[in-house]
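Below is one structure, written out as C-alpha cells; the observations come after it.
The values are calculated or read from the model by the stated rules, or taken from the named source; none is laboratory data. Source: prediction; values computed, not measured. Neighbour counts run over all protein chains shown; Cβ positions are idealised from the backbone, glycine included. In case anyone asks, the SASA skips ligands and DNA or RNA and just uses the protein heavy atoms, side chains included. Shrake-Rupley method; radii C 1.70, N 1.55, O 1.52, S 1.80 Å.
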Amino acid sequence: MAIVKGLRSINSVLDKQGDSDGSKARWVKLGDGESVKIRFLQELDPDSPDYNEKAGLGFIAAEHTNPKNYKSKALCTSDDQGRCFGCEQHRKDYKAGWKARSRLYINVLVDDGKEDPYVAILSQGTSGKSITPTLIEYAGEMGSISNLTWRLKRSGTGTSTEYVAISLGQDKEKFDASKYELFELEKVAVKELTFEEQEKFYMFGETEDSTESSEGSIKPIGGNSFNCLK
C-alpha cells in the first residue's frame, strides 16, 4: 500500500528505504528564514496516549512525480493494483527521477502572528533536511507530538532547503483541538489513480474525470508497505 500509519510501520518503511496537491486544502508554506508556531492536530501512532480517533493519524505516503512536471504527483499503486506507471518509468531508467519518494502529511494548527491560528496541512519529506526524523524520534521517545507547541523554521531555497522543528513545551492551559475542522488527508493531500489513468495524468495532467472536483478522482486507501521504494 502507498500509505503507512503507525510508528512501527513508518520506521520499518524508512529503514528499508534508506536514504499532489489538493485544490481545496490549505498548506503550510514558509519562505527562506521564516518560522511559525504550530500545533500538531494528529498523532503518528494509534498507541499514543493523546491519540484521537476522530482526528485520525498523520501518515507517510509513497508518491511518484513526473521529473519534468512537479505538479504531476500521485500515489504509487504497485501494491494496490499490481501495476504502477511511475514504477515502470523508474525501471526503464533508474536515473530519470521517477523513483517513488515518501512524504509525511499531517494536520497542524498554524500561528504565524499575522492572522488568527488556522488549520493547514504540513507536507515534509523524510530526509535529514526535513522535520520528519525528529518527529518520529520524539513520538517514539515521548509518546506524543500533539501535546505541545512547536516552532517550525525554514532555511535555504531549492535543493538546499532545510526545516527545523523545536519543541516549545506544553501550554499552561489545556489545549482543545476538537473545535478545529481538519482536512481529510486521504482525500485532499494525496491522489490515487487507476493504472489506466496514470500515463495521461503524469504526462498531461489529466484523468478521465478531470472535469470533476478533485475529490471525484481520489480514493481513501491505507496499508503498511512500499514495494517500489527500493
Taking a cut-off of 20 Å between Cα atoms, list the lysines near LYS5, but don't count ones fewer than 8 places away on the same chain. LYS16, LYS54, LYS187, LYS191, LYS219, LYS230
Answer rounded, prolate or oblate for the stretch 125-191, using the Cα gyration tensor with square roots of eigenvalues a ≥ b ≥ c: rounded when a/c is under 1.5, else prolate when a/b is larger than b/c, else oblate. oblate
Note down the accessible area of VAL36, probe 1.4 Å, to the nearest 10 Å². 10
Furthest towards positive pole of dipole, ASN69, MET142, PHE175, structure part the stretch 66-177, Cβ charges: ASN69
For PHE195, PHE204, PHE59, write out the residues from largest to smallest accessible area, computed with a 1.4 angstrom probe and no ligands counted. PHE204, PHE195, PHE59
In terms of solvent-accessible area of protein heavy atoms at a 1.4 angstrom probe, what is the ranking of THR161, THR134, THR77, highest value first? THR134, THR161, THR77
Could you order ILE121, ILE166 so the one with the most accessible surface comes first? Probe is 1.4 Å. ILE166, ILE121
Computed FRET efficiency, Cβ-Cβ of MET203 and THR161, R0 41 Å: what is it to the nearest 0.05? 0.90
Surface accessible to a 1.4 Å probe, GLU162 within the full protein complex, Å²: 90
Just to confirm a number: summing +1 for Lys and Arg and -1 for Asp and Glu over residues other than GLU53 whose beta-carbon lies under 14 angstrom from that of GLU53, what do you get? -2
Cα-based Rg / Dmax (Å) for the stretch 12-146: 16.4, 49
Inter-probe distance in nm under a simple model that places probes 7 Å from Cα toward Cβ, at GLU141 and ASP111: 2.4
At a probe radius of 1.4 Å, what is the per-residue accessible area of GLU173, in Å² to the nearest 10? 150
What distance in nm separates the two pseudo spin-label positions at GLN170 and ASP93, each 7 Å out from Cα along the beta-carbon direction? 5.4
